[in-house]
There are 2 protein chains.
Amino acid sequence: MAEKPSRRDQILTAAAELFARHGFHGVGIDDIGAAVGISGPALYRHFRSKDAMLGEMLTSISERLLDGGQARVDAAASADEALRALIGWHVDFALDDPALITVQMRNLANLTDPDRRRVRALQRRYVEVWVETIRRTVPEFDEPTARAAAHAVFGLINSTPHSAHLDRDQMAALLSRMALASLTPVVVTS
Amino acid sequence: MAEKPSRRDQILTAAAELFARHGFHGVGIDDIGAAVGISGPALYRHFRSKDAMLGEMLTSISERLLDGGQARVDAAASADEALRALIGWHVDFALDDPALITVQMRNLANLTDPDRRRVRALQRRYVEVWVETIRRTVPEFDEPTARAAAHAVFGLINSTPHSAHLDRDQMAALLSRMALASLTPVVVTS
DNA sequence: CGGGGAGGTTAGCAGCCGTTTACCTAGTCG
DNA sequence: CGACTAGGTAAACGGCTGCTAACCTCCCCG
């Protein structure tokens, strides 16, 4: 079933690609229209404004990340397994939607104030899932350290768009291994 | 000696801060002027254009990164020490100039064509320094893998601006440990 | 059959923003 | 002392861009 994507979704994915490549302000309304075969102001039949596109894009990413991450953690049997599942989840997301990940990293500042608040709240909750999971497997990390470590792992995994030299599976394996290793630096070489 | 910074440098650091926070297109010429106490078009006494500011900013970062990295590697006695030195160098840079690092990560696309070529060439050479160093300490990585790993480590270290919750020294220690651990995942738990 | 909504189109406006211009000071130096 | 320069100002211009307006055309459904 070819799951025909709604016009809105077509527009959002095209816009994400463009925003990722040129930045929010670097993309014109006409560019987005052209990318989906319609031209210019026709977009206003589907979105209230250009800001609204970015807003919807980022809130939907943030919700998907949070929900998926939470689900993986809840389904895990042990703390260790939870961490692996979380890493795998984020790696898959970053590899499957590099444009979305890039936009989420770079274009938070271009959001409208209420949108930014919403997105930040979602992101904070996602980070919190990570912080708890990390602290369960690496008890010697205090909370601020775990938070900083979580951000560092995000940076590591989200580097994906800048290095597509490996194929998907190798990349997933590499990133997962590196992420996991970076979080267990204290495995004493006995 | 209070090393009074030249006007040009004042402008560049102020502009870097603004570009990092709002993105290149999100900052007006008047904003930059205001940030250094002069207003608007006075900047054109010091720079040919707004693009020229970004160009000079990014080439100078890239040169500093490359030169410093190369120097550290050359000064190192062993491969292992070279890797540690390289990590330390990049961590120090990212912690001391978070704005510059952010601009370099996000605003490559806003460069003028010749500037982008120059910067990319410098960045490639810097990555190459990392790739060689990594391969000397982790021989089981082939070249593409080492390159991808280098990018991942950059992402890890450059995550600094998004998490200033720790003080400088703790942050440096954490990032260095994580970076090093991520690159030696094969320390078999004997 | 006939009318209304969904989804296009082009033309045009309004505002922003990078850049140029013309002008005005202080210093500096022959 | 007079002239040139470095560095600043405010005003104006021109192009780009987000958005609106007016209009057109299917398609569906009573």
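The values are calculated or read from the model by the stated rules, or taken from the named source; none is laboratory data. All values derive from a computational prediction rather than experimental measurement. Neighbour counts are summed over all protein chains in view; Cβ atoms, including those assigned to glycine, are modelled from backbone coordinates with ideal geometry. Quick note on the areas: whole protein, heavy atoms, side chains included, nothing else; ligands and nucleic acids left out. Shrake-Rupley method; radii C 1.70, N 1.55, O 1.52, S 1.80 Å.
At-a-glance table
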| item | result |
| --- | --- |
| Cα centre as origin, Lys/Arg/Asp/Glu Cβ charges: segment A:49-183 dipole, Debye | 300 |
| Principal-axis tilt of helix B:50-75 within chain B, Cα atoms, nearest 10 degrees | 30 |
| Shortest-first nm distances, B:ASP67 label point to equivalent points in other copies (7 Å, Cα→Cβ) | 5.2 |
| Nitroxide proxy distance, nm - points 7 Å out along Cα→Cβ at B:HIS165 and A:ARG7 | 4.4 |
| Accessible area of B:GLU63 in the full protein assembly, 1.4 Å probe (Å², nearest 10) | 90 |
| Volume per residue that the Cα convex hull of the protein assembly as shown spans, once the total is divided by residue count, Å³ | 172 |
| Label geometry 7 Å along the beta-carbon vector: B:ARG168 inter-copy distances in nm | 4.5 |
| Per-pair calculated FRET efficiency, R0 = 25 Å: A:ARG21 and B:TYR44 via Cβ, rounded to 0.05 | 0.25 |
| Computed E for B:ARG177/B:ALA71 - FRET, C-beta separation, R0 30 angstrom, nearest 0.05 | 0.85 |
| Shape call, segment B:1-133: gyration tensor on alpha carbons, a/c limit 1.5 | prolate |
| Solvent-accessible surface ranking, highest first, for B:ARG168, B:ARG120, A:ARG48, A:ARG116 at 1.4 angstrom | A:ARG48, B:ARG120, B:ARG168, A:ARG116 |
| Cα gyration tensor shape of segment A:1-61, rounded if a/c is under 1.5, else prolate or oblate by comparing a/b with b/c | rounded |
| Projected-area mean, segment A:49-98, by convex hull of Cα positions, square nanometres | 3.5 |
| Inter-label distance for A:ALA35 and A:THR112, nm, one decimal - labels placed 7 Å from Cα along Cα-to-Cβ | 2.0 |
| Label geometry 7 Å along the beta-carbon vector: A:SER39 inter-copy distances in nm | 4.3 |
| Stretch gain in nm, segment B:GLU63-B:ARG136, where the contour uses 0.36 nm per residue and the Cα spacing is subtracted | 23.9 nm |
| Listed peptides B:39-45, B:140-146 by packing density, highest first (mean Cβ within 10 Å) | B:140-146, B:39-45 |
| Ranked order, B:MET53, B:MET105 - accessible area, probe 1.4 Å, largest first | B:MET105, B:MET53 |
| Accessible surface, 1.4 Å probe, highest first, among residues A:HIS165, A:HIS46 | A:HIS165, A:HIS46 |
| Derived scalar couplings ³J(HN,Hα) [segment B:139-153; Karplus, 6.51 cos²θ - 1.76 cosθ + 1.60; whole Hz; x for Gly, Pro] | x, 7, 7, 7, 5, x, 4, 4, 5, 4, 5, 4, 4, 5, 5 |
| Within-13-Å neighbourhood charge of B:ASP67 [Cβ basis; K, R +1; D, E -1] | +1 |
| Estimated vicinal HN-Hα couplings, Hz - segment A:118-132 in sequence order (Karplus 6.51, -1.76, 1.60; Gly, Pro = x) | 4, 5, 4, 4, 5, 4, 4, 5, 5, 4, 5, 4, 4, 4, 4 |
